[in-house]
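Below is one structure, written out as structure tokens; comments come after it.
The values are calculated or read from the model by the stated rules, or taken from the named source; none is laboratory data. A quick note: this is a predicted structure, and the numbers were derived from the prediction, not measured. Neighbour counts run over all protein chains shown; Cβ positions are idealised from the backbone, glycine included.
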Amino acid sequence: MDAPTESLSKWRLATRLVRGGTLRSNFAETSEGLFMTSGYVYESAEQAEAAFKGEADVYIYSRYSNPTVTMLQERLALLEGAEFCRATASGMAAVFASLASQLDAGDRIVSSRALFGSCHYVVTELLPRFGIECELVDGTDLDAWRQALGRKRTQCVFLETPSNPTLEIIDLNAVAELTHAAGAKLVVDNVFATPILQQPLEFGADIVVYSTTKHMDGQGRSLGGAILTNDEAFITDKLTPFMRHTGPSASPFNAWIVLKGLETLEARLSRHCANALTIAEHLSRHQRIARVLYPTLASHPQSTLAMAQMSDGGTVLSFEFDGGRDRAFRFLNALSLIDISNNLGDSKSLVTHPATTTHSRLTPEERTEMGIGDGLVRLSVGLEDAQDVIEDLDQALEAAWR
Ligand SMILES: *Cc1c(COP(=O)(O)O)cnc(C)c1O
């Protein structure tokens, strides 16, 4: 296989997304090849021996690596400006592998409390079963980070910004500084922002994780995840053996879908963000709506910080109306264009009621602390004409009050 893209790091973002990582086989295909193979053939017993000693640059087994997965990893690394990338079977596989591979019994993790539901489970329930202590903090409160990191020796900090579903923004520079002063590593779940809008490594993060299921696929076809870093010791000593021997590797087929999805990521994101802002502004003016949360709206309490670390507001907004769960359900059930679904970053606009779905595992007190009221609705804005989405929202809002 020939790699025509070695010089790609000099090209601009959109070019890297379309051409980065392409490995052309002897068939000279224009589109990246899909290598549906679990194993590989050696030329000789000697080559097999060398492969297992790490002395031959050949593929061994697709749990370790696969040419299609390699292309995805290279394209993602170019996009993120990271040296290393490992693709995984899902976003949760990426989150779990990035944490479990580096933590030992007796270690401690400090995490922002506004987390994706399964991330909350991993840090508060699963890791503690293996003797890893967890403390949750209000991610927007730098004093809370300072105190939590000062209380006890900590090995790892985990956070998500913007957060799901309240779009809280965490100051990446400041938390990275506190993390490093405490001798810990910062892991950032960057799913909501995507590498197009925010690159946490630039702000001091050590490891960035993604669910490629969301915007990178962008059309709801596959599950996948990725871990990116410049930390060679972490990759070599921790993550690579963890992934090889526990098997959360990406399937070639899903890697291929995401690889093709990346080619349109920048173009899609600019449309997604423009639509989301238009809709957020419309809802802000709507008399039925008490509060709209979108990072770059002037009314967002952290819009200045959001604009300092993100190049645009993203694809997700949340809004709240009085009337609690009954009103919210009537609203959801009255929508005709927008689908009820907990997925996000899709070409189709999707709406969910976090209190009874993605965040139903939390106690009512935890939800109140995190600002997830019963009247809160999360909207992932798709690629439809924004006007059609607005008309659907408006008619459902009227219906919810009838
Ligand atoms: C979806 C999501 C995940 C998990 O990704 P999967 O691909 O569904 O496993 C993790 N974090 C955030 C913020 C997400 O939105």
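Every listed requirement among (1) surrounded by fewer than 20 Cβ atoms within 10 Å (Cβ to Cβ); (2) touching an Asp or Glu at 6+ places or on another chain (Cβ under 8 Å); (3) within 23 Å of Ser38 (Cβ to Cβ) is met by Arg244 save one, (2). Taken over the range 356-383, the criterion of being buried (at least 17 other Cβ atoms within 10 Å of the Cβ), charged (D, E, K, R) and out of contact with any strand residue (DSSP E or B) (no Cβ under 6 Å at 6 or more places or on another chain) is satisfied by Arg367, Asp374. Among residues that are within 16 Å of the ligand (Cβ to nearest atom) and in contact with a Lys or Arg (Cβ under 7 Å, 6 or more places away or on another chain), Pro200 is not included.
Residue count for the range 366-388 under the criterion of being of a type in the set (A, V, I, L, M, F, W, C) and in a loop (DSSP other than H, G, I, E, B): the result is 4. Return yes or no: is Ala148 crowded, with 19+ Cβ neighbours inside 10 Å and either away from the ligand (no atom under 16 Å from the Cβ) or not assigned by TED's automatic domain parsing to the domain that holds Thr229 (or both)? Against the criterion (crowded, with 19+ Cβ neighbours inside 10 Å and either away from the ligand (no atom under 16 Å from the Cβ) or not assigned by TED's automatic domain parsing to the domain that holds Thr229 (or both)), Ala148 qualifies. With respect to the conditions (1) surrounded by fewer than 19 Cβ atoms within 10 Å (Cβ to Cβ); (2) more than 21 Å from the chain's Cα centre (by Cα), Gln302 lacks only one, and its number is (2). Here the range 217-235 is the region considered, the condition is being within 10 Å of the ligand (Cβ to nearest atom) and not in a strand (DSSP E or B), and the residue that is nearest to Leu159 (Cα to Cα) is Gly224. Which of the residues belonging to the range 272-326 are of a type outside the set (Lys, Arg) and assigned to a strand (DSSP E or B)? Passing the criteria: Val292, Leu293, Val316, Leu317, Ser318, Phe319, Glu320. Checking Thr22, Thr15 one by one, the residue that is touching a Lys or Arg at 6+ places or on another chain (Cβ under 9 Å) and either within 16 Å of the ligand (Cβ to nearest atom) or not acidic (Asp, Glu) (or both) is Thr22 and no other. Taking the criterion of being buried (at least 22 other Cβ atoms within 10 Å of the Cβ), within 16 Å of the ligand (Cβ to nearest atom) and not acidic (Asp, Glu), the residues of the range 166-185 that qualify are Leu167, Ile169, Ile170, Leu172. Taking the range 1-105 as the region of interest, the helices (runs of 4 or more DSSP H) fully inside it that hold 1 or more residues being over 26 Å from Glu202 (Cα atoms) are 45-52, 67-80. Suppose the filter is within 16 Å of the ligand (Cβ to nearest atom), buried (at least 21 other Cβ atoms within 10 Å of the Cβ) and within 28 Å of Leu223 (Cα to Cα); does Leu72 pass it? Answer is yes for this residue. Residues of the range 107-136 that are in contact with a strand residue (DSSP E or B) (Cβ under 8 Å, 6 or more places away or on another chain), away from the ligand (no atom under 16 Å from the Cβ) and not in a strand (DSSP E or B): Asp107, Pro128, Ile132. Being out of contact with any Lys or Arg (no Cβ under 8 Å at 6 or more places or on another chain), of a type in the set (A, V, I, L, M, F, W, C) and not assigned by TED's automatic domain parsing to the domain that holds Asp217 narrows it down to one residue among Ala298, Ala250; which is it? Only one candidate passes the filter, namely Ala298. Which of the residues spanning the range 203-216 are surrounded by fewer than 24 Cβ atoms within 10 Å (Cβ to Cβ) and not in a loop (DSSP other than H, G, I, E, B)? Across the range 203-216, the qualifying residue is only Phe203. Filtering the range 245-299 to residues that are under 20 Å from the mean Cα position of the chain (by Cα) and among the basic types (Lys, Arg) leaves Lys260, Arg268, Arg271.
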